[in-house]
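Undergrad: Just passing along the structure, written as structure tokens.
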Amino acid sequence: MDLGRAGIWSTELRLGDPVETAEAAAELDDLGWGTLWIPGLGGGDVLGDVERLLRATRTTTVATGVISIWRHDAEEIARGHAALREAYGARVLTGLGVSDPAAANGAGRPFRPVEDMNGYLDRLDHADVPLPAGERILAAMGPRLVRLGGQRTSGVHPFMVTPESTAATRESLGRGPTLAPYQAVVLDGDPGRARATARGFLGPFLTMDHYARSLRRQGFADEDLAGGGSDRLIDGVVAWGEVEAIAGRLAEHHDAGADHVALHVLRADGAFPRREWRELAPLTR
């Protein structure tokens, strides 16, 4: 599945006003963004939200980044994915994640990330209409899940990573599987304001153990995780500045082995960043 050089990752495309969402998705398609990513959040009708974007677009792929295996039945996901493929062609990429121990405990299960994901993939493979490995991707940061993503899905979609981490992931995956990292973006050249905007979104993730472990593996220390993230951490995992600075970070990920980069434009007011999406559109080429 060709995701394009760059895509847009957006909470607004899932939670925003339906009319504006459809208009924005159609414009993003026309601008040449290869893939539109929406988060799984707490569950809900995520495939219905995928369909709204497919209906509004002509050529772009729509991906979930990502569905929690604890909140969605594998058979239902496989059946829904097949229905979308039948209606809109091979434009759906189902991203899957194991979430965290709290989510597993809420489902009444112990948390065994690799075993849990393996079992879920087994159920997708043996569903009435199996979900093809090439049309699913794994949220993976730890080495075992990265290997699993390379073996049993199209590849991996890691969250909150540096270009150096992208290089390490590519080495682990080898040349074949897709590597499509998430990249937070703030189009603002003022350092204090840009970092504050970044902390407003990413700060809560730094308190979650699985993300903290990933960041420590990337070389960040406990003091980097405090207070919403040190300047060093924010500058490492967020691209901020003018379009040229964002282009530079995108190039770093591609040089490190990424096939596709999902850009999440952050705004302090949480509004649809349609102006920013237009300004960044040349990066798709």
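The values are calculated or read from the model by the stated rules, or taken from the named source; none is laboratory data. Bear in mind that the values here come from a model prediction, so they are computed numbers and not experimental data. Cβ: placed from backbone, ideal geometry, glycine included. Neighbour counts: every protein chain shown. Calculation scope for accessible area: heavy atoms of the full protein, side chains included, ligands and nucleic acids excluded. Shrake-Rupley method; radii C 1.70, N 1.55, O 1.52, S 1.80 Å.
Undergrad: Identify all residues within segment 83-138 that are modelled with pLDDT of 95 or more and among the acidic types (Asp, Glu); write none if there are none.
TA: Residues satisfying the conditions are 86, 122, 125, 128, 135.
Undergrad: Please go through segment 107-124 and give me each residue that is open to solvent by 60 Å² or more (accessible area, probe 1.4 Å) and either within 15 Å of residue 210 (Cβ to Cβ) or out of contact with any Phe, Trp or Tyr (no Cβ under 9 Å at 6 or more places or on another chain) (or both), ordered by number.
TA: 108, 110, 112, 115, 122, 123 - these are the residues of segment 107-124 that are open to solvent by 60 Å² or more (accessible area, probe 1.4 Å) and either within 15 Å of residue 210 (Cβ to Cβ) or out of contact with any Phe, Trp or Tyr (no Cβ under 9 Å at 6 or more places or on another chain) (or both).
Undergrad: Another one. For residue 129, which of the numbered conditions (1) free of Cβ contacts under 8 Å to residues at least 60 places away in the same chain; (2) among the β-branched types (Val, Ile, Thr); (3) under 27 Å from residue 265 (Cβ atoms) fails to hold?
TA: (3)
Undergrad: Does residue 104 count as open to solvent by less than 10 Å² (accessible area, probe 1.4 Å), out of contact with any strand residue (DSSP E or B) (no Cβ under 7 Å at 6 or more places or on another chain), under 22 Å from residue 46 (Cα atoms) and free of Cβ contacts under 8 Å to residues at least 60 places away in the same chain?
TA: In short, yes.
Undergrad: Oh, and also: Which of the residues belonging to segment 189-228 are in contact with a Lys or Arg (Cβ under 9 Å, 6 or more places away or on another chain) and touching a residue at least 40 places away in the same chain (Cβ under 8 Å)?
TA: Result: 197, single match.
Undergrad: Got a number for residues in segment 160-170 being touching a residue at least 40 places away in the same chain (Cβ under 8 Å) and under 14 Å from residue 145 (Cα atoms)?
TA: Qualifying residue count, segment 160-170: 2.
Undergrad: May I ask you to list the residues in segment 122-136 that are part of a helix (DSSP H, G or I) and either within 14 Å of residue 169 (Cα to Cα) or over 19 Å from the mean Cα position of the chain (by Cα) (or both)?
TA: In the first step, residues of segment 122-136 are kept if they are part of a helix (DSSP H, G or I); the result is 122-125, 133-135.
122, 123, 124, 125, listed by residue number.
Undergrad: Related question: Considering segment 81-91 alone, what residues qualify as being surrounded by 18 or more Cβ atoms within 10 Å (Cβ to Cβ) and either within 14 Å of residue 130 (Cβ to Cβ) or in contact with a Gly (Cβ under 7 Å, 6 or more places away or on another chain) (or both)?
TA: 81, 82
Undergrad: A follow-up question, please. Report whether or not residue 261 is surrounded by 21 or more Cβ atoms within 10 Å (Cβ to Cβ) and closer than 21 Å to residue 148 by Cα.
TA: yes
Undergrad: Quick check on residue 78: is it free of Cβ contacts under 8 Å to residues at least 60 places away in the same chain, farther than 18 Å from residue 11 by Cβ and open to solvent by 10 Å² or more (accessible area, probe 1.4 Å)?
TA: No.
Undergrad: Determine if segment 261-269 includes at least one residue that is in contact (Cβ under 8 Å) with a residue 60 or more places away in the chain and of a type outside the set (A, V, I, L, M).
TA: Checked against the condition, which is being in contact (Cβ under 8 Å) with a residue 60 or more places away in the chain and of a type outside the set (A, V, I, L, M), segment 261-269 yields at least one hit.
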